[in-house]
Amino acid sequence: DAGVTQSPTHLIKTRGQHVTLRCSPISGHKSVSWYQQVLGQGPQFIFQYYEKEERGRGNFPDRFSARQFPNYSSELNVNALLLGDSALYLCASSLENTGELFFGEGSRLTVL
Amino acid sequence: AQKITQTQPGMFVQEKEAVTLDCTYDTSDQSYGLFWYKQPSSGEMIFLIYQGSYDEQNATEGRYSLNFQKARKSANLVISASQLGDSAMYFCAMREVYTGNQFYFGTGTSLTVIP
């Protein structure tokens with residue numbers, strides 16, 4: 001069975017641009033969460049979606065947005081990129097709203 | 001205040017020896033879960049072990065065990081018989097069941113297993 005898949009795996013953007021990151025959860029998982037991991041730190045919570053509804057939002061500016069589609073896949077959008085947005089963006093899925101998280105390998109974003 | 005504190009930025013252990021990675025947590029909730037994840041250089045977070053706040057026995061999963069001391073709010077990970085493949089970053093995390101859906105992660109401990 002496929003695990004959580006994320007795309008793209010690596011990307012480079014310049015300040016002011018926007019980026020869309022994609023995530024496909026494990027089959028049957030209805031919850032998707034997004035985390036940002038800056039180099040040398042632990043992951044920080046950005047969003048959680050369950051059954052296509054936002055169930056949680058971390059302390060991130062409005063430049064960050066996300067959505068979940070009917071097939072439970074998800075997109076994370078970041079507008080007006082800043083240098084500080086450079087990070088590994090991790091997507092995680094879970095079977096239930098509060099279940100154990102299964103992570104993808106992440107999308108590594110570099111903002112120049 | 002930090003929800004999860006990991007005070008060991010880096011640890012070294014001899015192959016086949018046991019090692020303990022420290023984790024303390026801060027919550028006023030009665031119902032919460034504690035998790036340990038391993039992150040190799042590839043970036044993927046791999047689930048290792050889970051302990052619920054109401055579990056009376058320490059969790060074990062193969063070579064991993066969690067030393068849960070509720071009164072001291074600590075949830076240390078013990079890896080027995082270390083292997084070279086155990087070299088990675090290790091993160092302690094907590095989820096508060098009734099006050100949110102997010103996981104709080106510590107800053108991690110880098111473990112290096114020496115042959």
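The values are calculated or read from the model by the stated rules, or taken from the named source; none is laboratory data. Treat the numbers as computed from the prediction; the structure is a model and nothing was measured. Note that each Cβ is placed from the backbone with ideal geometry, even for glycine, and that neighbours are counted across all protein chains shown.
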Residue list for the range B:97-115, restricted to those being surrounded by 21 or more Cβ atoms within 10 Å (Cβ to Cβ), in contact (Cβ under 8 Å) with a residue 60 or more places away in the chain and not aromatic (Phe, Trp, Tyr): B:106, B:108, B:109, B:111
Considering the range A:26-60, residues that are facing another protein chain (nearest Cβ under 9 Å) and in contact with a Leu (Cβ under 6 Å, 6 or more places away or on another chain), and then whichever is nearest to residue B:6 (Cα to Cα), we arrive at A:43
Report yes if residue A:37 is in contact with a Phe, Trp or Tyr (Cβ under 6 Å, 6 or more places away or on another chain), polar (S, T, N, Q) and surrounded by 17 or more Cβ atoms within 10 Å (Cβ to Cβ), otherwise no. no
Residue satisfying all of: in the range A:11-51; closer than 15 Å to residue A:90 by Cα and out of contact with any strand residue (DSSP E or B) (no Cβ under 8 Å at 6 or more places or on another chain); modelled with the lowest pLDDT among these: A:40
Can you report the number of residues in the range B:97-115 which are at the interface with another protein chain (Cβ under 8 Å from one of its Cβ atoms), aromatic (Phe, Trp, Tyr) and within 13 Å of residue A:99 (Cα to Cα)? 1
Can you spot a residue in the range B:41-60 that is within 14 Å of chain A (Cβ to nearest Cβ) and β-branched (Val, Ile, Thr)? yes
In the range B:1-78, which strands (runs of 3 or more DSSP E) lie fully inside it and hold 1 or more residues that are of a type in the set (D, E, K, R) and surrounded by 13 or more Cβ atoms within 10 Å (Cβ to Cβ)? B:32-39
Yes or no: the range B:82-96 includes at least one residue that is under 26 Å from residue B:1 (Cβ atoms), basic (Lys, Arg), more than 14 Å from chain A (Cβ to nearest Cβ) and out of contact with any His (no Cβ under 8 Å at 6 or more places or on another chain). no
I need the full set of residues from the range B:79-95 which are in a strand (DSSP E or B) and farther than 13 Å from residue B:22 by Cβ, in order please. B:88, B:89, B:93, B:94, B:95
